[in-house]
């Protein structure tokens, strides 16, 4: 019999007690053997006491084992497992569990060290803090960007930038902010991105920081170059004919001024030519004035007046305003809003202006289509971002035009001003949102407004 087994030990001990009690029961029917009865009874009591001590000893071993695991004190367990004199089977099982726990702890520590090394040497700044602002992670890149060493609470960074700390607190999951920060006389443009986490029942926030000053400067230079090309094209298209016509009129007038007698040699045909030239100059000048006016409107958009707006009510107003155009152009207009009570903080007049511009563009894109459809889909994602998607089944936009579509004054339409989409992007930026476009030739175009 394997007495190292806890189960076998208990069976043998309980069996011995049962046998002793059976003998005691048999002897109790006899008046003789009084001393034997007492001896057997004492033996039964001793067996019960030894069984209780044995079970208590095992309970103590198990209790110590779990307490050591709770405190990660595996060495104390190993010291006790060296003693094989009492319960080798139990100790053997303990050792097996200890080996697995040590292996798991080693793997956990290695993984933790691996992730910590990655976080510390990541190319972007990473900061995590809890609801009280206490910082858990503050990597090397973050320290370099903010010019600090060790920080325990985000409030300690307020001396660097009040705006930065307020953005840390205000941003929700998926939220972004662009913060200007001066460091050693150089201006930094910090792109701030936030993710909210729940670990162990406690709320945490992960902030990523990246200096995008050089990227912004490159984009700004590229945008200026594109804008200058467009402006040059528009202005030269008007100024060149004006200059040419003005030169023609001037030559005609100078010729007649050089005539010696008082009778000018101007025929009716010459007067008509001069009149036509002056009319052309006037039209081109008015075109330049409109161009400058459009440019001024683009650079002087009003500040949004935010209020909570029901998306369903906004869709009702848009549909009412464009209902006649939809009917005249035989367009099937559909909309969907999920959930029905979806509301967004916005300036309703400015967003209405954006949507009307997108819908009128869609109407023009459907001119060559037999079946004409426009769909507006409004929904909210898990992060709380709201999307308004305007989709048509028109002819689509080619890739070259798509890359320039938000450049001011760029247009593919004969009578277009080229400021509608640029103005729409500016309005969405004022709402801390964005506008994007996807298009495929022959299949249609999709504009997405993200709040």
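The values are calculated or read from the model by the stated rules, or taken from the named source; none is laboratory data. As the structure is a prediction and not an experimental result, all values here were calculated from the model. Cβ placement follows ideal geometry from the backbone for every residue including glycine, while neighbour counts extend to all protein chains displayed.
For every residue, the table says whether it meets (1) farther than 30 Å from residue 106 by Cα; (2) in contact with a strand residue (DSSP E or B) (Cβ under 7 Å, 6 or more places away or on another chain); (3) modelled with pLDDT of 75 or more.
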| residue | (1), (2), (3) |
| --- | --- |
| 13 | yes, no, yes |
| 47 | yes, no, yes |
| 55 | yes, no, no |
| 73 | no, no, no |
| 82 | no, no, no |
| 87 | no, no, no |
Where a residue in the range 144-159 is under 13 Å from residue 132 (Cβ atoms) and its partner, wherever it lies, is in a loop (DSSP other than H, G, I, E, B), with Cβ under 6 Å and at least six apart: 153/133; 154/133; 155/133
Failed criterion for residue 338 (all others in (1) surrounded by 12 or more Cβ atoms within 10 Å (Cβ to Cβ); (2) touching a residue at least 24 places away in the same chain (Cβ under 8 Å) hold): (1)
Which listed residue, of 364, 370, 380, is without any contact (Cβ under 8 Å) to a residue 12 or more places away in the chain and either surrounded by fewer than 20 Cβ atoms within 10 Å (Cβ to Cβ) or touching a helix residue (DSSP H, G or I) at 6+ places or on another chain (Cβ under 8 Å) (or both): 370
Of all residues making up the range 114-132, the number that are more than 14 Å from residue 209 (Cα to Cα) and without any contact (Cβ under 8 Å) to a residue 24 or more places away in the chain: 6
Output for the range 316-331, where each listed residue is in contact (Cβ under 8 Å) with a residue 12 or more places away in the chain and surrounded by 12 or more Cβ atoms within 10 Å (Cβ to Cβ): 317, 318, 319, 321, 322, 325, 326, 329, 331
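Taking the options 350, 322, name whichever one is assigned to a helix (DSSP H, G or I), under 26 Å from the mean Cα position of the chain (by Cα) and assigned by TED's automatic domain parsing to the domain that holds residue 434.
Going through 350, 322 in turn, the sole match is 350.
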